[in-house]
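The values are calculated or read from the model by the stated rules, or taken from the named source; none is laboratory data. Quick caveat: nothing in here was measured; it's all calculated off a predicted structure. Cβ placement follows ideal geometry from the backbone for every residue including glycine, while neighbour counts extend to all protein chains displayed.
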Amino acid sequence: MKISQRRNRTFVYRAINSGVGKAIHTYDMIAAGEKLAVGLSGGKDSLTLCWILKNRLKHIPVDYDLTAIYIDPGFENGFADRLAAYCDDIGIQLIVEYTDHGLVAHSAENRENPCFLCSRLRRKRLFELAEDIGARKLALGHHKDDIIETLFLNMFYAGEISTMAPRQEFFKGAMTIIRPLAFLDEDIIRKFSELMEFPVFETACPSAKQSKRYAVKKMLTDLYRTNRKIRGNIFRALHHVKQDYLL
């Protein structure tokens with residue numbers, strides 16, 4: 001590896017580690033001795049999350065246990081076996097759950113919004129499997145751009161102003177979702193995954209580039225090109241809501 005490449009990798013790693021550390025500290029995400037379930041999708045975001053949470057154990061005084069969970073949606077040419085081999089290589093236990101969630105969500109009876117049903121079924125099963133292994137926290141790989149996109153998705157299609165929270169409690173506190181990548185832009189995560197040479201697991205989902213989220217992402221990307229401050233301003237706005245000026 002060339003010196004310039006090594007320096008770039010170090011810079012990106014520090015940015016990722018700093019952002020994750022800030023989110024964990026700000027929202028009190030992880031306590032010593034906890035067992036964490038990590039929802040793994042095979043994409044760059046969840047791979048980065050798994051890697052950084054595993055790597056942090058070498059450098060911080062807080063000890064915790066990690067178990068990754070992958071919900072196979074049931075499409076042909078799945079990658080569960082290759083994903084399991086990768087997790088084994090980096091020393092993370094992976095639980096694979098084979099389902100028909102993707103097929104059910106794309107059935108003739110549910111053509112209007114397959115992503116919503118698939119996501120709901122996947123989340124429900126993640127909760128159940130996390131509980132089975134004794135984990136009361138589920139870490140997901142959603143980042144800053146996901147949070148911003150969800151804000152617009154909920155406004156456009158649900159008629160409400162809401163988004164993902166970096167930490168959310170469910171079932172009266174019995175299960176908590178944490179999002180340690182919440183302060184990180186997707187661009188830096190993409191760069192990190194490239195520099196780390198994470199394996200690429202291509203999804204077979206027919207809605208991958210036809211979803212409402214994809215359309216919102218494209219709209220926002222076009223806006224960001226016109227003014228580099230827009231992404232940060234939207235994210236800051238989520239921390240400064242003036243309720244007196246809302247209906």
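For the reader, a short list of remarks on this structure follows.
- Filter pass, Ser4 being modelled with pLDDT of 95 or more, assigned to a helix (DSSP H, G or I) and among the polar types (S, T, N, Q): no
- Any hit, region 52-65, residues being in contact with a Leu (Cβ under 7 Å, 6 or more places away or on another chain) and of a type in the set (A, V, I, L, M, F, W, C): yes
- Looking across Gly141, Gly173, one residue alone is among the small types (Gly, Ala, Ser) and closer than 18 Å to Gly21 by Cα. It is Gly141.
- Residue pairs whose Cβ atoms lie under 7 Å apart, sitting 6 or more positions apart in sequence or on different chains, and linking a residue in region 201-230 that is farther than 20 Å from Leu103 by Cβ to a partner that is part of a loop (DSSP other than H, G, I, E, B), do not occur here.
- Residue in region 30-41 that is at pLDDT below 95, within 21 Å of Lys191 (Cα to Cα) and not basic (Lys, Arg) present: yes
- Strands (runs of 3 or more DSSP E) (entirely within region 56-165) containing at least 2 residues that are farther than 19 Å from Leu181 by Cβ: 65-72, 93-98
- Residue count for region 61-81, restricted to those that are touching a residue at least 24 places away in the same chain (Cβ under 8 Å) and either in contact with a Cys (Cβ under 7 Å, 6 or more places away or on another chain) or surrounded by 13 or more Cβ atoms within 10 Å (Cβ to Cβ) (or both): 14
- Of note, Gly19 does not satisfy the criterion of being more than 19 Å from the chain's Cα centre (by Cα) and in contact (Cβ under 8 Å) with a residue 60 or more places away in the chain.
- Hey, Tyr86 aromatic (Phe, Trp, Tyr), at negative phi and either more than 20 Å from the chain's Cα centre (by Cα) or surrounded by fewer than 16 Cβ atoms within 10 Å (Cβ to Cβ) (or both) or not: no
- Per this entry, Leu151 is not counted among residues that are out of contact with any helix residue (DSSP H, G or I) (no Cβ under 8 Å at 6 or more places or on another chain), of a type outside the set (D, E, K, R) and crowded, with 18+ Cβ neighbours inside 10 Å.
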